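The values are calculated or read from the model by the stated rules, or taken from the named source; none is laboratory data. Just so it is clear, the model here is predicted, and its values are computed rather than measured. Note that we place each Cβ from the backbone using ideal geometry, even for glycine, and neighbour counts take in every protein chain shown. Protein only, heavy atoms only, side chains kept; ligands, DNA and RNA dropped before computing areas. Shrake-Rupley method; radii C 1.70, N 1.55, O 1.52, S 1.80 Å.
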Amino acid sequence: MKSPHSQRDTKIFSAIFVGYEVKINFGINHKKQSSSDANQVSQLRRALLMGCAYLPAVPLLTMLGGCNEGGNGTQEAVTTSTTFNIPPPPPSDVPATQGLSIPLPPYKTTDPLPGSTAVPTGSTATPPGENDAALGGIDAAFQQTDFTPGPIGMAPSGLANPGSMEGKTWRPPAPSWPKKVGIYNLEYNSFSQVSARGAKEDMGTYLKRSLDNRFALFYRAMVKAFEKHPPKEFEVSFFTAPEFYWNVPWGDFLTEDELKNSADLFLDTVKANVRTLISKFPASLYGHIVLLPGTVAALKPNPNIKPTGSGASKIKVVYEAFNYLTCTHNLPLDDSDYPRPAYMIWPKRVVSSIDFIDGRNCTYSVAALPKNPVNTHLTDSVEKCLLSDKGDLTIYIKFVTSTVGQSFDAHDQPFPKLPEGNAPAKKFHNDIIDGLPFGIDICLDYAMASVQKDTFRMAQLEDQTFKLDFVIAAGMSLDTATYLKTKHVQYAIHNDGIVSSSESNPLFSTIWKLNHQPTGSPTFTTLVPLDAKKEIDTKNGVVSVFDQKLKLPIASPMAGIPEIKDKMNDVNVRIWSLDIDNSDKPGAALVASNPGVNTTLVETIQFME
């Protein structure tokens, strides 16, 4: 069975010179023109056709079958030496160069084709997979050090049209209207985190080490999960974590100064960490991945917030909550036909009574506040929270937050870039995958300010007709009534940091396939994870990443990934495969499958499929 990439990318046309010409119409234009049209004749293939026009038809067909630039070759060459064992992608049923004895003008015989495993002359790199057994898989890989990915799949220098690819890193085309989507859920008790602060340890030192631990743990989870099911099994994959994944227990804070000084450290470090994480998994090796890596929460005092009412006189300062998810991905950023931001931020809108506590819940509405202009549907107020019992630290927090969804380019500038003096609207560009927009609800927002019902939240999404709804939470359960008027949502993906809130207790995450009805709320089908025997299976289909039996510290697996030094809660990953309904694709009602290229025959050349 061919992989989805193979099915989409390897459809090649043979040229038979019979005195016909072809006019090609590359599909129907919609909001963003995909640069990865399934059957578009690429510049590389055009170059092959021009260079090999003199060949007989049968050898030409054989040659083109072996010169695919997209998904049919084996894993691309790594041109720098490595001591880290990268999980190989699934084998293809169409080898890149096997059975081809005809020299390939204009290629040199020493040039590796895009997608081949050939190692350039002078390189010390080992073809992927060669040492897998010797290294003992991923566990052994985690004992290796000093791996830095080098140039992947460099295009040959002898192309007839050198301006097209020469000197550039080859990458697989971005997914367009994907039909098979992978979901990797990192399952972790993020609500009751393990305290690892030393008795007299400086708070800044502790937080940096704790963020390093979670960074390394997330990396370990991705590698171990990808060993089980490589993302190249899917056209695109999402990797999620629960709310508060990046936080330490609030009881570790002993003073307000520690709290104030930690906010930017939390927010800036996590943003940097998740951007570094995705850089370790290039699409050329792993396929296309979108990270939804849980949230980080922080508090900042805001002297401009002036409460009113009977309890206002007791309040010296009100804190504003910043609890958000930073979404990153490894999709192309230089696609002029389908521009994408480098990363996006999605904030939580309302503060739950259990978000910032050390033990007992916060007290709602101890003072009044005017309505927040970012969402006037909600009544704002002040919550009183015991943040740290040990530090006797009680603070006051604004209920409705003010941060909105935003998108940024690789230089941390607002996306999209507009002419001088013009600022783009602050939006979360949830349409980075052509034909597969997605939404995010963070915990209590799912009930009070969801992207299914709240028009203020919906307006912050670039595409409101999303197909996947990710519920990233610590204390929330799925509800079919949420989807009463959103028949475009096909799946609800729930990853919770409190196991008792999970529909799959004693496991932390669940995926519902929504079955929409002509009237009323949809029904749902709970999906069985890959390799599991039933919906809730604690043994099969569970990838163990970290448990209390592991000896600490866990050594750094590669340069740039820190050690895991402190005790943390257990971590598992479970994996699902989703079949996406693309009946909303333009032209889908006329053609059952994507035609890609429409041809009109006139004299000169005829292309036969």
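Here Thr379 and Asp547 are evaluated by their C-beta separation; at R0 = 45 Å the FRET efficiency comes out at 0.55. The gain in end-to-end length when the Asp337 to Glu420 segment is fully stretched comes to 27.7 nm, 0.36 nm per residue minus the alpha carbon separation.
Remark: the Thr205-Asp264 segment gains 19.8 nm on full extension, using 0.36 nm per residue and subtracting the alpha carbon distance. Rounded to the nearest Å, what's the spacing between the alpha carbon centres of segment 198-230 and segment 232-288? Just the number, please. If we compute the Cα centre of each part, the gap is 9 Å.
Compute the signed sum of charges (Lys and Arg +1, Asp and Glu -1) over the other residues within less than 12 Å, Cβ to Cβ, of Ser210.
Around Ser210, the surrounding residues sum to +2.
Which order do Glu420, Glu535, Glu187 take when ranked by solvent-accessible area (1.4 Å probe, heavy atoms of all protein chains), largest first? Let's see the in-between values first.
Numbers: Glu420 180, Glu535 90, Glu187 5 Å².
Highest to lowest solvent-accessible surface, that is Glu420, Glu535, Glu187.
Seen from every direction in turn and averaged, the convex hull around the alpha carbons of segment 188-322 projects onto 10.6 nm². In order along segment 578-585, the phi-based Karplus estimate (6.51 cos²θ - 1.76 cosθ + 1.60, θ = phi - 60°) of 3J(HN,Hα) comes to 10, 9, 9, 7, 10, 5, 7, 5 Hz; Gly and Pro are listed as x.
Apply 1/(1 + (r/R0)^6) to the Cβ-Cβ distance of Gln517 and Thr276, taking R0 = 60 Å, and write down the FRET efficiency to the nearest 0.05.
Once rounded, the FRET efficiency stands at 0.85.
For the residues Ile183, Ile357, a 1.4 Å probe over the protein chains yields an accessible-area ranking, largest first, of Ile357, Ile183. Cβ under 15 Å from Lys565's Cβ, Lys565 left aside: what net charge do those residues give with Lys, Arg +1 and Asp, Glu -1? That works out to +3. A simple charge model with +1 on the Cβ of Lys and Arg, -1 on the Cβ of Asp and Glu and nothing else charged puts the dipole of segment 195-307 at about 200 debye relative to its Cα centre. Restriction of the trypsin sites (Lys or Arg not before Pro) in segment 249-355 to DSSP coil positions whose beta-carbon has at most 16 other beta-carbons within 10 angstrom yields Lys316. Under a Cβ-Cβ cut-off of 11 Å, what is the net charge of the residues other than Thr486 that fall near it, where Lys and Arg count +1 and Asp and Glu count -1? The answer is +3. Of the solvent-accessible surface of segment 301-342, computed with a 1.4 Å probe and all protein chains present, 51% belongs to carbon and sulfur.
Here the gap between Ser477 and Thr255, fully extended at 0.36 nm per residue and compared with their Cα-Cα distance, gives a gain of 76.5 nm. In this rough spin-label picture, where each label sits 7 Å from Cα along the Cβ direction, the Ser195-His411 distance is 4.6 nm.
Amide H contacts for Phe238 (H built 1.01 Å from N in the peptide plane; partners 5 or more residues away or on another chain; cut-off under 5 Å): Gly182, Ile183, Tyr184, Val290.
Select from segment 427-496 those trypsin sites (Lys or Arg not before Pro) which occupy a DSSP coil region and have at most 16 other Cβ atoms within 10 Å, ordered by residue number.
Here the sparse-neighbourhood loop sites are Lys485, Lys487.
Taking the Cβ-Cβ separation of Ala447 and Asp392 as r and a Förster radius of 35 Å, what is the calculated FRET efficiency to the nearest 0.05? Efficiency at R0 = 35 Å is approximately 0.65.
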